[in-house]
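Visitor: So that we are looking at the same thing, I have put the structure below in structure tokens.
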Amino acid sequence: MRVGLVCPYTWEVPGGVQQHIRDLAEALMGLGHEVSVISPADDDTPLPDYVVSAGRAVPVPYNGSVARLAFGFLSASRVRRWVKEGAFDVLHVHEPAAPSLSLLACWVADGPIVATVHTATPRSRVMHASAPALRTALEKVNGWIAVSEAARTTLVEHTGGDAVLIPNGVTVRRYEKASPLPGWPGAGGALGFLGRMDEPRKGLDVLLRAFETLGTQRPGLRLLIAGPGDTDDALEKVSAPLRERVIMLGQVTEDDKARAYHSVDVFCAPNTGGESFGIVLAEAMASGAPIVASDLDAFRQVLRGGRAGELFETGDPSDLARAAGRLLDDPQRRADLSAAASEAVRVYDWPVVARDVVHVYEAVVPATGQVGVAR
Amino acid sequence: MLIDVILIIALAVLVGVYVSWRAGRLDRLHARVDTARAALDAALLRRSSVALELAACGVLDPATSLLLAGAAHDARAAGEPTELAESDLTRSLRAVVGQPDASSHHAGPHGPHGAHDHGPHGLG
């Protein structure tokens, strides 16, 4: 199948949507489909050969912050040309309600269109004000995909239509094999955390309080923290004698992230809520890390009710300390959990997820006809 | 003694006159600030109305329309410190107008639905 993917945000800027599209494109090509991606991109960035640049995105105030978006007739005519020359069997736009390339693609194209909604946004009056322009473009979408239940709810509220729920995938082979960071996990054992430090729902506070107990009991135990946020703020919450055993990596590269997962004996996901799927959890599972996670519905489901990772009472540091301590003392249990996690994550592997996406394509592609440009 | 009293009264009168003169001046300045602010509000409202109308009239592509409508809405919903709302609206308008070919292509590449169908119901 010839698939045209439309990315609304600048390709080289790190972001969930961009990563999703890159992984999906590569997974689709791995399944033998032909893929072309159009995306805003800066002039001087090298792009993978399956990506076509739609020119630079323009910074403009949007939704309370400044976003870089591609809009206007020049962008529209570039998308139009790409659609025309691509002769796609299906056009797959991402985040089509954002005022950028995806919306333009819906506008200029005719034919089988699939759209994926990534973020959940409350119904706004802006949607009302420009409803006609948006609605006529979005009415052309034949099949909707939502990456989370929340995104799906947004879609149902906005358009009244329903969507197939296909969660984000994880590229397992990217995490499967990586060498631990030098000196890790170390003889005294190591706990790990990955996520924004200053976002309360990620639950770093719960972990730090559990570490007070665990670190005092185990003189060699260290805690590895990766993710953006104020390191001093976080360190202040740790009592002085333990501070030197809390190591902050800050924001890490894709490669170092994989290495970080391999650097710890127990990976902790102490989130207190709001996580619809937990891509971090899936990455940790793909890395084969033994996991201790909050007993949230989403996590319990991903961890197969506790068989692919220990669950603890959400928000309870002493229960986390107990669960993590038990795992640190039991190498056999850790090996079992690691194997179970590697096995359980297979269903979230991108090639598998991409197959579900292809099913949606097949459902909207009629026996004949390609994507063309609107008259 | 009497001189003292007269002096004090004279001083009090002088101070009184001075204070009431300052107060009157302050009041006039206040009125001028209010008028200026009302004029600014009216200008912002007018600009946002035009932006909304432009967004709804259907000659622009939907992404630009959506951006304009959003900017206009934010400008109207903005509370007291309107400078931010003004400069945001300005930035949005400039980004839209500054797009290459925006002026020469308004009859250009649009789909069959793009140019029609939007009535004035997007306003307000």
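The values are calculated or read from the model by the stated rules, or taken from the named source; none is laboratory data. Worth saying up front: this structure is predicted, and the values here are computed from it rather than measured. No Cβ is skipped: glycine too gets one built from the backbone with ideal geometry, and neighbour counts run over all protein chains shown. Side chains included, ligands, DNA and RNA excluded: accessible areas come from the protein's heavy atoms. Shrake-Rupley method; radii C 1.70, N 1.55, O 1.52, S 1.80 Å.
Visitor: Farther than 23 Å from A:Pro351 by Cβ, charged (D, E, K, R) and away from chain B (no Cβ under 14 Å): is that true of A:Glu34 in this structure?
Guide: Numbers: farther than 23 Å from A:Pro351 by Cβ: no; charged (D, E, K, R): yes; away from chain B (no Cβ under 14 Å): yes.
Spelling it out, it is not the case that A:Glu34 is farther than 23 Å from A:Pro351 by Cβ, charged (D, E, K, R) and away from chain B (no Cβ under 14 Å).
Visitor: Filter segment A:288-310 down to the residues that are open to solvent by 10 Å² or more (accessible area, probe 1.4 Å) and either more than 15 Å from A:Gly192 (Cβ to Cβ) or of a type in the set (S, T, N, Q) (or both) and list them by number.
Guide: Our first condition is that a residue be open to solvent by 10 Å² or more (accessible area, probe 1.4 Å); within segment A:288-310, this holds for A:288, A:290, A:295-298, A:300-301, A:304-307, A:310.
A:Asp295, A:Leu296, A:Asp297, A:Ala298, A:Arg300, A:Gln301, A:Arg304, A:Gly305, A:Gly306, A:Arg307, listed by residue number.
Visitor: I've got another one for you. Being at pLDDT 90 or above and touching a Phe, Trp or Tyr at 6+ places or on another chain (Cβ under 9 Å) narrows it down to one residue among A:Val93, A:Val17, A:Val83, A:Val51; which is it?
Guide: Going through A:Val93, A:Val17, A:Val83, A:Val51 in turn, the sole match is A:Val51.
Visitor: Return the only residue of A:Ala286, A:Ala308, A:Ala298 being among the hydrophobic types (A, V, I, L, M, F, W, C) and within 18 Å of A:Ala226 (Cα to Cα). I'd like the intermediate steps shown before the answer.
Guide: Details: A:Ala308 fails: within 18 Å of A:Ala226 (Cα to Cα); A:Ala298 fails: within 18 Å of A:Ala226 (Cα to Cα).
From the options A:Ala286, A:Ala308, A:Ala298, the qualifying one is A:Ala286.
Visitor: If you don't mind, there's one more thing I want to ask. Every residue in segment A:274-312 that is in contact (Cβ under 8 Å) with a residue 60 or more places away in the chain and within 18 Å of A:Ala210 (Cα to Cα), please. Steps first, please.
Guide: First pass over segment A:274-312, keeping only residues in contact (Cβ under 8 Å) with a residue 60 or more places away in the chain: A:274-277, A:279-280, A:282-289, A:294.
Matches in segment A:274-312: A:Ser294 only.
The rows are residues; the columns are (1) of a type in the set (A, V, I, L, M, F, W, C); (2) more than 21 Å from A:Val147 (Cα to Cα).
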position	(1), (2)
A:Val280	yes, no
A:Ala284	yes, no
A:Ser287	no, yes
A:Val292	yes, yes
A:Asp297	no, no
A:Arg300	no, no
A:Leu303	yes, no
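Visitor: Going residue by residue through segment A:326-340, is there one that turns out to be basic (Lys, Arg) and under 20 Å from A:Leu194 (Cα atoms)?
Guide: The answer is yes, given that some residue of segment A:326-340 is basic (Lys, Arg) and under 20 Å from A:Leu194 (Cα atoms).
Visitor: Search segment A:187-203 for residues being surrounded by 16 or more Cβ atoms within 10 Å (Cβ to Cβ), at pLDDT below 90 and not basic (Lys, Arg), and hand back the single one that is farthest from A:Ala339 (Cα to Cα). Spell out how you get there, then give the answer.
Guide: To start, the set of residues in segment A:187-203 that are surrounded by 16 or more Cβ atoms within 10 Å (Cβ to Cβ) comprises A:189-195, A:197, A:202-203.
Those left that are additionally at pLDDT below 90: A:189, A:195, A:197, A:202-203.
Add one more test, that the residue is not basic (Lys, Arg), and what stays is A:189, A:195, A:197, A:203.
Details: A:Gly189: 19, A:Gly195: 24, A:Met197: 29, A:Gly203: 26 Å.
Filtering first and then ranking leaves A:Met197.
Visitor: Which is open to solvent by 80 Å² or more (accessible area, probe 1.4 Å) and in a helix (DSSP H, G or I), of B:Leu89, B:Leu67, B:Leu14, B:Leu52? Outline the logic, then answer.
Guide: Values: B:Leu89 fails: open to solvent by 80 Å² or more (accessible area, probe 1.4 Å); B:Leu67 fails: open to solvent by 80 Å² or more (accessible area, probe 1.4 Å); B:Leu52 fails: open to solvent by 80 Å² or more (accessible area, probe 1.4 Å).
The conditions single out B:Leu14.
Visitor: Check segment A:311-319 and report whether any residue there is surrounded by 18 or more Cβ atoms within 10 Å (Cβ to Cβ), away from every other protein chain (no Cβ under 14 Å) and part of a helix (DSSP H, G or I).
Guide: Yes, segment A:311-319 contains at least one residue that is surrounded by 18 or more Cβ atoms within 10 Å (Cβ to Cβ), away from every other protein chain (no Cβ under 14 Å) and part of a helix (DSSP H, G or I).
Visitor: Related question: Does segment B:101-114 include one or more residues that are modelled with pLDDT of 85 or more, within 30 Å of A:Leu74 (Cα to Cα) and open to solvent by 40 Å² or more (accessible area, probe 1.4 Å)? Quick ask: steps written out before the conclusion?
Guide: Residues of segment B:101-114 that are modelled with pLDDT of 85 or more, as a first pass: none.
There is no residue in segment B:101-114 that is modelled with pLDDT of 85 or more, within 30 Å of A:Leu74 (Cα to Cα) and open to solvent by 40 Å² or more (accessible area, probe 1.4 Å).
Visitor: Another one. A:Gly4 versus (1) open to solvent by less than 20 Å² (accessible area, probe 1.4 Å); (2) part of a loop (DSSP other than H, G, I, E, B); (3) more than 9 Å from every other protein chain (Cβ to nearest Cβ): which is the lone unmet condition?
Guide: (2)
Visitor: I'm told A:Gly72 meets every condition in (1) closer than 22 Å to A:Ala146 by Cβ; (2) surrounded by 23 or more Cβ atoms within 10 Å (Cβ to Cβ) except one. Can you identify the failing condition by its number?
Guide: Of the numbered conditions (1) closer than 22 Å to A:Ala146 by Cβ; (2) surrounded by 23 or more Cβ atoms within 10 Å (Cβ to Cβ), the odd one out for A:Gly72 is (1).
Visitor: Run down A:Ala105, A:Ala87 and say which single residue is crowded, with 19+ Cβ neighbours inside 10 Å and over 29 Å from A:Val280 (Cα atoms).
Guide: Details: A:Ala87 fails: crowded, with 19+ Cβ neighbours inside 10 Å.
From the options A:Ala105, A:Ala87, the qualifying one is A:Ala105.
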